[in-house]
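The values are calculated or read from the model by the stated rules, or taken from the named source; none is laboratory data. All figures in this text were calculated on a predicted structure; none of them were measured in a lab. Counting neighbours? That spans all protein chains shown, and the Cβs are built from the backbone with ideal geometry, glycine included.
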Amino acid sequence: MKRAKLGVYYTPPEVVDYIVKSIHKLLKEMFGKDKGLAEESESLKLLDPVAGTLTFIIRALGRALLELEHNRIGGVIPLNIKNHILSDFYAFEIQVVPYIIGHLRVAMSLEKVWDYEFEKDERFQFYLTNTLEMKEPEQELLLPQLTEEGREARKVKEKEPILVVLGNPPYSVSSENERLGIIS
């Protein structure tokens, strides 16, 4: 099974919540980001490098948008989604099925929970890529979209100044990741 081989395991929601709340609090207290994860700032870029089905991202965007509601500025939620969440939150995944499910989950969360309507060609920046791979993607003849996806992911890897890295990396001691130098 590929999941076991890569050391990919389920993270309980309580653990995800704790990590996201802790990051939100640290951004406020240690980095001067008054709105935490909701802070629209060129310096607040977030990445989940091993995103799975986007559980951490969905909790992070939920925490950001709740911050706006709690500060009684919920009217700016659609603008925050458009100008911050969709432009400053990134995620990578190497497996196809979690990637597809993640796109569906984040779209459903933004549309159904937060009442956000995606514009044509607008999407969450979730890329099908190996986080550790930096080479130029080869031209895909059957699915040229994957080549473009790889190029976009590479731009994020090389050019975006990521402040927050969140998520649950593969952690199985006996996984293939040890041989790849991902964990030791």
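Would you check if K135 is more than 17 Å from V96 (Cα to Cα), at pLDDT 90 or above and surrounded by fewer than 18 Cβ atoms within 10 Å (Cβ to Cβ)? First the steps, then the outcome.
Values: more than 17 Å from V96 (Cα to Cα): yes; at pLDDT 90 or above: no; surrounded by fewer than 18 Cβ atoms within 10 Å (Cβ to Cβ): yes.
Criteria not met by K135.
Can you tell me which residue among D88, D34 is on the phi < 0 side of the Ramachandran plot, among the acidic types (D, E) and surrounded by fewer than 22 Cβ atoms within 10 Å (Cβ to Cβ)?
None of the others qualify; the one that does is D34.
With the requirement that a residue be modelled with pLDDT under 95 and either touching a strand residue (DSSP E or B) at 6+ places or on another chain (Cβ under 9 Å) or polar (S, T, N, Q) (or both), what does region 69-91 give you?
N71
Being farther than 17 Å from L86 by Cβ, touching a residue at least 24 places away in the same chain (Cβ under 8 Å) and out of contact with any strand residue (DSSP E or B) (no Cβ under 6 Å at 6 or more places or on another chain) is the filter; apply it to region 37-66 and report the residue that is surrounded by the most Cβ atoms within 10 Å (Cβ to Cβ).
The initial filter retains those residues of region 37-66 that are farther than 17 Å from L86 by Cβ, namely 43, 49-50, 52-53, 55, 66.
Then keep just the ones that are touching a residue at least 24 places away in the same chain (Cβ under 8 Å); that gives 43, 49-50, 52-53, 55.
After this cut, where a residue has to be out of contact with any strand residue (DSSP E or B) (no Cβ under 6 Å at 6 or more places or on another chain) as well, the list is 43, 50, 52-53, 55.
Values: S43: 11, V50: 22, G52: 25, T53: 19, T55: 21.
Looking at the filtered set, the residue picked out is G52.
Can you say whether A153 is of a type in the set (A, V, I, L, M), over 15 Å from E40 (Cα atoms) and at pLDDT 95 or above, as far as the supplied structure shows?
no
Can you give me the ranges of the helices (runs of 4 or more DSSP H) entirely in region 49-143 with at least 2 residues that are touching an Asp or Glu at 6+ places or on another chain (Cβ under 7 Å)?
55-70, 96-108
Restricting to region 70-85, name every residue that is closer than 19 Å to S22 by Cα and surrounded by fewer than 18 Cβ atoms within 10 Å (Cβ to Cβ).
Initial filter on region 70-85 (closer than 19 Å to S22 by Cα): 70-71, 85.
Selection gives H70, N71.
Does S22 fit the bill of being part of a helix (DSSP H, G or I), polar (S, T, N, Q) and loosely packed, with under 13 Cβ neighbours inside 10 Å? Talk me through it step by step, then tell me what you get.
Details: part of a helix (DSSP H, G or I): yes; polar (S, T, N, Q): yes; loosely packed, with under 13 Cβ neighbours inside 10 Å: yes.
So S22 passes the test.
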